[in-house]
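Enquirer: This is the structure I want to talk about, given as structure tokens.
The values are calculated or read from the model by the stated rules, or taken from the named source; none is laboratory data. As the structure is a prediction and not an experimental result, all values here were calculated from the model. Don't worry about glycine lacking a Cβ; one is built from the backbone with ideal geometry, like all the others, and counts go over all protein chains shown.
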Amino acid sequence: MKNIIKLDKYKKIDIHVLLEHYRFTQEDMIILKSIEPIAKANIDLLIEKFYHYIFSFQYAKIFLNKEEILKRHEAGIRSWFLNLFCGEYNKEYFEYLFHISETHVKIGLPTHYVNTAFSFVREFLVDMLLQNDKEEYLFAMHKIVDINLDILSLSYSQEDQEQLINEVVLIKNALSDNSIIPFLQPIIHTSDESINKFESLMRIPDENGNIIYPVYPIIQTSKKIHLYTELMRQMILKTFDIFRDLEYSFSINISYEDISDSQFSEFLKTHLQTFPNPHRVIFEILETDIITDFEVVLSFIEHIKSFGCQIAIDDFGSGYSSMENILKLKPDYIKIDGSLIKEIDTSIESYTVVKSIITMAKELNSKTIAEFVHNKAVYQILKKLEVDYLQGYYTGIPFPANELLDR
């Protein structure tokens, strides 16, 4: 346990694993220790240039606005800089770094301040080593700077890095194996409880075929590594194939990333041209995405409506879009935010807001869909309020889309 740092009750860091992530070796430690005399000789020059640089930024003036604070900060910078070349990167060294990181949290230091400071220090170190004919030491220097940057900018977490690796592998395998699975959740008509449409939901299986849930974090990771569009293409193709010869309407969630991607729009256009009865296709757009760039969203909606497709505003009532924009979009459906629906039986505020949305939708000639219908009490209240459609675990749980073909 001597190499384990406990950050809190639940979180710990294994120093060996951390160093392995950066391919940080004993040879790197020896090289860095040999740089220590050069670092000591240049520490005063670093301090002079460092503060000249960072005081050109307003946030440095805010955080270092008193002489005693500046003195403590300078002492800390000197100690930290020389420790880069201590040659002993053990438990004590990393406890020291995590202590600095905790201090950053306590004082509310912005991450971009740390990143800016590191950019300067890295450039200074490169110049320092090159001027001393130590070009071969640059690689080891960059490693220790990267390790420090990750920890001091609060971005390092062993668990998070392992999770990220697992998610990246999962996404790439799903794409190469064509294993994305659309799940369908029924949307029932309130008046007669008939099912006439479904929402198609992306699900991703792991290597053992088990469905990963929730899928939202994986989708967010796919955006970071620029594979989100590929996931959506596979999802749309599979959903279109399922419903091609069926009479049900179905909805697919699309994001601003999709809407603003001209290649994705062309992809949709190509497949809508060959899809029978495109009027059965409903595209759900988050209310929050509408304000990102309203003109782009409006142009996209006009484009797909030319094929006869329908539009739903998802999570309506979350309070971001202006009513003026909603009126311009002329949505076919308004899906009421689930946070309002799930509390409608216990919160008078939720009840009042939902009632107002239903009244407004009728005046707009838009149909309303209540999501998150999770119990009988919520179900009965929504029927009395005359919402048009109901969706939730009480009225129908999601199931693999292929099962619809066997019904």
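Enquirer: Return yes when residue 327 is at pLDDT below 95, within 19 Å of residue 285 (Cα to Cα), surrounded by fewer than 19 Cβ atoms within 10 Å (Cβ to Cβ) and touching a Pro at 6+ places or on another chain (Cβ under 8 Å) and no when it is not.
Expert: Against the criterion (at pLDDT below 95, within 19 Å of residue 285 (Cα to Cα), surrounded by fewer than 19 Cβ atoms within 10 Å (Cβ to Cβ) and touching a Pro at 6+ places or on another chain (Cβ under 8 Å)), residue 327 does not qualify.
Enquirer: Let me ask something else about it. So is residue 350 in the same structural domain as residue 296 (by TED's automatic domain parsing), among the small types (Gly, Ala, Ser), surrounded by 19 or more Cβ atoms within 10 Å (Cβ to Cβ) and modelled with pLDDT under 95 or not?
Expert: Here the answer is yes, as residue 350 does meet what is asked.
Enquirer: Filter segment 286-318 down to the residues that are acidic (Asp, Glu) and without any contact (Cβ under 8 Å) to a residue 24 or more places away in the chain, then identify the one that is surrounded by the most Cβ atoms within 10 Å (Cβ to Cβ).
Expert: Among them, the one singled out is 302.
Enquirer: For segment 217-252: of the residues being within 20 Å of residue 297 (Cα to Cα) and either surrounded by fewer than 20 Cβ atoms within 10 Å (Cβ to Cβ) or among the hydroxyl-bearing types (Ser, Thr, Tyr) (or both), which is farthest from the chain's Cα centre (by Cα)?
Expert: 251
Enquirer: Quickly run through segment 339-368 and pick out the residues that are of a type in the set (A, V, I, L, M, F, W, C) and touching a helix residue (DSSP H, G or I) at 6+ places or on another chain (Cβ under 6 Å).
Expert: Correct list: 340, 344, 353, 354.
Enquirer: Of everything in segment 366-401, what is touching a residue at least 24 places away in the same chain (Cβ under 8 Å) and either out of contact with any strand residue (DSSP E or B) (no Cβ under 8 Å at 6 or more places or on another chain) or farther than 27 Å from residue 240 by Cα (or both)? Give them in sequence order.
Expert: Selection gives 372, 374, 375, 377, 378, 381, 382, 383, 385, 386, 387.
Enquirer: In the set 214, 276, 182, which member is exposed (fewer than 15 other Cβ atoms within 10 Å of the Cβ) and either in a helix (DSSP H, G or I) or under 22 Å from the mean Cα position of the chain (by Cα) (or both)?
Expert: Exactly one residue qualifies, and that residue is 214.
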